[in-house]
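The structure under discussion appears below in the form of structure tokens.
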Amino acid sequence: MKIAILAYSMDDNSGTSLAAIDNTALFSKLGHNVTLFTLIPSDNENNLAVKSLPKPLLNLPLWKYPLMYFFAILPAPLHLPFIKRCLKPLAEYDAVFAYDYPLGWFGYYLKKQNPSMRYLCFFQGLQLPEMCEFWFEKLYVKLLVKYHYKTSVKNADNVIVESRFLKDYMKNNLSIESKVIPNPTYLFMDRSATGENVRNKYKLNNDPVILYVDRLEEHKGIELLLDAFSEVRTKVCDAKLIIIGKCTLKYYQKRLLERNDEAVIFIDYVPHEEIADYYTASDVFATCALCEEGLSHTIIEAQAFGKPVVAFDIPAHREIVKNGETGILVNDVGNKDDFAAALTELLTDISTKNTIGKNALLWAEGLGNKAVNDFTGLLDNKKE
């Protein structure tokens, strides 16, 4: 089958971009003719077939901020005159997989033009009003829900989400039915990585290492993680914390860096093909995210490398961390003392750490294999 996968950009710091790249590789492995289309290309596209979509009407910079924000919330059919030329190279495909915001509109109009085309819309996560700090952000997200989320998937053959939390949210708040399939492409990450390069580069020797990989945003609880780590160091004095992630808010980045703990290593960017070395070099994966998320890919990736996870017990984490089996879920959300105690337990009880790590690896592999089978079945002519 000839498949077009649509992604907003080819940004290595974007989970959606990486998912699109990985799923292009996945569907190619499954024997399909797959092309990845993007609005904003980059210099590094992992040797995949990547094409840039044509520029919109009058060469308007629609895909640059802030115009893209306004484009995404336009009610249908106001988008069509601007993107009609972008749709032409996609018309020859049998199926289009659109990573939403704003690519859902592309799938929506392609399906209207050709009802026999398979249109699948992927939601890596949702912008939710409760995650917004300022009133104007909340207003924008409400418009996004009304004019984009609820409309652009109306004619989709399948809407794919990555967690039951997102599935329930979309059904209860948006009246959208969806299918849960986590991204399984962590199965294809570099399993030959030893972590030696990372330990040598940062002079870690045999020090126990806690790893965090994700965006640096306030609702991710980075400062809480730093506070918990300070407590860990009172009992595990040689422990190190590696924090990998991009921070787009300068004031928040400055606040984090001012903590100035020599045992904390901040890394702004690691190429996707090198991240396996960091998972392998670590002992425990930790995230202090405090509010609901779509699904944390990095938690599953860490488990796929046999690393136990410590996280707060929120529904999105409960789906992918089996408390006491593949990690530790801290019941009192936001309690740094309990979080520090969980980290300390895993760093000091090697037998428990290793047992949980083995369980995590087996669980992640099982989840990934099921997801591959689910993705294979997506191309059946059955709407779900």
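The values are calculated or read from the model by the stated rules, or taken from the named source; none is laboratory data. Keep in mind that what you see is a predicted model, and the values were worked out from it rather than measured. Backbone-built Cβ (ideal geometry, glycine too); neighbour counts: all protein chains shown.
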*Only one residue in ASN373, ASN323, ASN354, ASN359 is under 23 Å from LYS167 (Cα atoms) and modelled with pLDDT of 95 or more. Which one?*
ASN323
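If you check ASN200 against the conditions, is it out of contact with any strand residue (DSSP E or B) (no Cβ under 7 Å at 6 or more places or on another chain) and on the phi > 0 side of the Ramachandran plot? Don't jump to the end; show me each part of the working.
Numbers: out of contact with any strand residue (DSSP E or B) (no Cβ under 7 Å at 6 or more places or on another chain): yes; on the phi > 0 side of the Ramachandran plot: no.
Criteria not met by ASN200.
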*Quick one: which of LEU257, LEU290, LEU295 is under 22 Å from GLY368 (Cα atoms) and either surrounded by 19 or more Cβ atoms within 10 Å (Cβ to Cβ) or out of contact with any Pro (no Cβ under 7 Å at 6 or more places or on another chain) (or both)?*
LEU295
*Selection from region 260-287 of residues that are surrounded by 15 or more Cβ atoms within 10 Å (Cβ to Cβ), assigned to a helix (DSSP H, G or I) and under 20 Å from the mean Cα position of the chain (by Cα)*: HIS272, ILE275, ALA276, ASP277, TYR278, TYR279, THR280
*Pairs, please: C-beta under 6 Å, at least 6 apart or cross-chain, first residue assigned by TED's automatic domain parsing to the domain that holds ASP337 and in region 229-240, second at pLDDT 95 or above and in a helix (DSSP H, G or I)?*
GLU231/ALA340; VAL232/ALA340; VAL232/LEU343; VAL232/THR344; LYS235/THR344; VAL236/LEU347; ALA239/VAL232; ALA239/ARG233
*Report whether or not SER175 is in contact with a Pro (Cβ under 9 Å, 6 or more places away or on another chain), assigned by TED's automatic domain parsing to the domain that holds CYS121 and closer than 25 Å to VAL96 by Cα.*
no
*Those residues of region 149-168 which are assigned to a helix (DSSP H, G or I) and buried (at least 20 other Cβ atoms within 10 Å of the Cβ), in sequence order*: TYR149, SER152, PHE165, LEU166
*Residues in region 116-145 that are touching a residue at least 40 places away in the same chain (Cβ under 8 Å) and loosely packed, with under 15 Cβ neighbours inside 10 Å: how many?*
2
*Which numbered condition trips up TYR8, out of (1) assigned to a helix (DSSP H, G or I); (2) in contact with a Pro (Cβ under 8 Å, 6 or more places away or on another chain); (3) not charged (D, E, K, R)?*
(1)
_For region 190-217, give me the residue count where each residue is surrounded by fewer than 19 Cβ atoms within 10 Å (Cβ to Cβ) and within 18 Å of THR16 (Cβ to Cβ)._
2
*Restricting the search to region 313-329, which residues are in contact with a helix residue (DSSP H, G or I) (Cβ under 9 Å, 6 or more places away or on another chain), surrounded by fewer than 24 Cβ atoms within 10 Å (Cβ to Cβ) and closer than 25 Å to THR234 by Cα?*
GLY324, LEU329
